[in-house]
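Encoded as structure tokens, the structure appears first; notes follow it.
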Amino acid sequence: MFKAKAENPPLAIALMLLATVFIASSTAFAKALGSGTLGGILHPLQVTFGRFLFAGLFFSGVVAVLRPRFTRVHWVLHVQRTSCGWAGVTLMFAAVAAIPLADATAISFLNPVFAMILAIPLLGERVGPVRWAAAGLAFCGAMILLRPGTGAFQSGALLALGAALALGLEVIFIKRLAGREAPVQVLLVNNLIGLSIATAVMLPFWVWPSPAQWAGMAGVGLSMALAQSCFFNAVARAEASLVVPFSYATLLSAAVIDFTVFGTMPVPVSMLGAAVIIAGGVLLAWREGLAKKRPTAPQPNVQ
């Protein structure tokens with residue numbers, strides 16, 4: 001678990017698809033908590049606390065069983081990465097409480113585009129015309145979903161856009177951490193720091209959860225922990241350029257949950273916007289895969 005594995009692309013794809021189900025399940029639990037489906041409405045900051053609490057417990061248990069060898073922890077990078085991740089998931093949880101789960105999920109897929117743009121000033125990466133075209137295509141899809149200037153515009157969509165931006169910035173710090181620490185160490189430290197931040201910030205909004213709400217918060221955290229585990233094991237068994245495009249199946253899982261649990265049917269304009277975002281994201285992932293296969297391709301400065 002979390003170690004380099006023998007190449008096995010079919011298994012890697014299966015693990016990535018399973019990760020998408022867990023990701024959609026995590027945000028679905030957050031929507032249920034934030035919309036009052038499981039009782040009273042919980043503040044997004046409290047939902048985020050539950051996400052880090054139960055994910056932290058999960059990875060603490062994994063470490064207790066596996067007893068991995070830890071290396072030096074790069075605390076500054078971890079705090080920077082986790083602060084962005086905490087902000088991103090909180091905004092995402094607020095978004096899914098206000099708009100359809102599938103719409104918020106589609107907009108959140110802009111995070112690799114934001115990561116690409118932010119990598120220019122922060123990592124010194126070069127971006128070619130194909131990547132810019134992919135980014136432009138994805139942003140066109142976002143504008144279709146946001147529908148600015150129309151009566152269909154919703155502030156919840158802006159929250160999802162803010163989540164994508166924060167998660168895109170988190171990717172920058174993940175790149176800086178890449179290769180410095182073992183995945184299980186990164187996940188444990190990330191979730192424990194996230195729990196510390198979430199606890200401090202949510203205290204003014206604390207409402208004692210009902211048993212159903214405790215179960216919902218456990219669902220948020222454990223689903224995300226399982227998603228992270230599946231993701232890391234997927235990329236350990238195949239190239240990221242192969243398996244990452246399958247992460248867009250999260251949108252399908254979100255749409256199914258939207259319909260079966262919350263009774264929300266995607267409207268045609270939402271389906272169009274999501275399709276355009278996915279097209280841009282897949283094009284970007286394909287171009288990233290080509291760049292990594294070229295020995296002369298510029299590499300990000302992660303020192």
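The values are calculated or read from the model by the stated rules, or taken from the named source; none is laboratory data. Remember, predicted model here, so these are calculated numbers, not experimental data. Neighbour counts run over all protein chains shown; Cβ positions are idealised from the backbone, glycine included. Side chains included, ligands, DNA and RNA excluded: accessible areas come from the protein's heavy atoms. Shrake-Rupley method; radii C 1.70, N 1.55, O 1.52, S 1.80 Å.
For this structure, a couple of remarks:
- Per-residue accessible area (protein heavy atoms, 1.4 Å probe) orders 117, 257, 99 as 117, 257, 99, starting from the largest.
- For segment 86-226, the square roots of the Cα gyration tensor eigenvalues, ordered a ≥ b ≥ c, give a/c of at least 1.5 with a/b no greater than b/c, which places it in the oblate category.
- Shape call, segment 13-74: gyration tensor on alpha carbons, a/c limit 1.5: oblate
- Once the Cα gyration tensor of the chain is diagonalised, semi-axes √(5λ) in Å: 27, 26, 18
- Estimated at the nearest 10 Å², the accessible area of residue 231 is 80 Å² with a 1.4 Å probe.
- Here segment 1-96 has 71 percent of its accessible surface on carbon and sulfur atoms, given a 1.4 Å probe and all protein chains in place.
- Rolling a 1.4 Å probe over the protein chains gives residue 214 an accessible area of about 70 Å².
- Across the protein chains, with a 1.4 Å probe defining accessible surface, the residues 272, 169 rank 272, 169 from largest area downward.
- If you sort the three axes of the alpha carbon gyration tensor as a ≥ b ≥ c, you get a/c of 1.5 or more for segment 80-164 and a/b no higher than b/c, which makes it oblate.
- Listed values for segment 46-53 are Karplus-derived 3J(HN,Hα) couplings in whole Hz (6.51 cos²θ - 1.76 cosθ + 1.60, θ = phi - 60°), namely 6, 5, 5, 4, x, 4, 6, 4, and x replaces Gly and Pro.
- Loop-resident sites, segment 159-210, for chymotrypsin sites (Phe, Trp or Tyr not before Pro), counting at most 13 other Cβ within 10 Å (DSSP): 206
- 14 Å tail of the calculated P(r), segment 55-111, as % of Cα pairs: 70 percent
- Applied to segment 129-143, the Karplus parametrisation 6.51 cos²θ - 1.76 cosθ + 1.60 on θ = phi - 60° returns per-residue 3J(HN,Hα) values of x, 5, 5, 5, 5, 5, 5, x, 4, 5, 5, 4, x, 5, 5 Hz, with x for Gly and Pro.
- Alpha-carbon centroid distance for the pair segment 253-274 / segment 51-111, whole angstrom: 24 Å
- Exposed loop sites are taken as trypsin sites (Lys or Arg not before Pro) in a DSSP loop (any state but H, G, I, E or B) with at most 13 other beta carbon atoms within 10 Å; the longest stretch of the chain without one runs 127-303.
- For residue 70, distant residues with modelled amide H under 5 Å away: none
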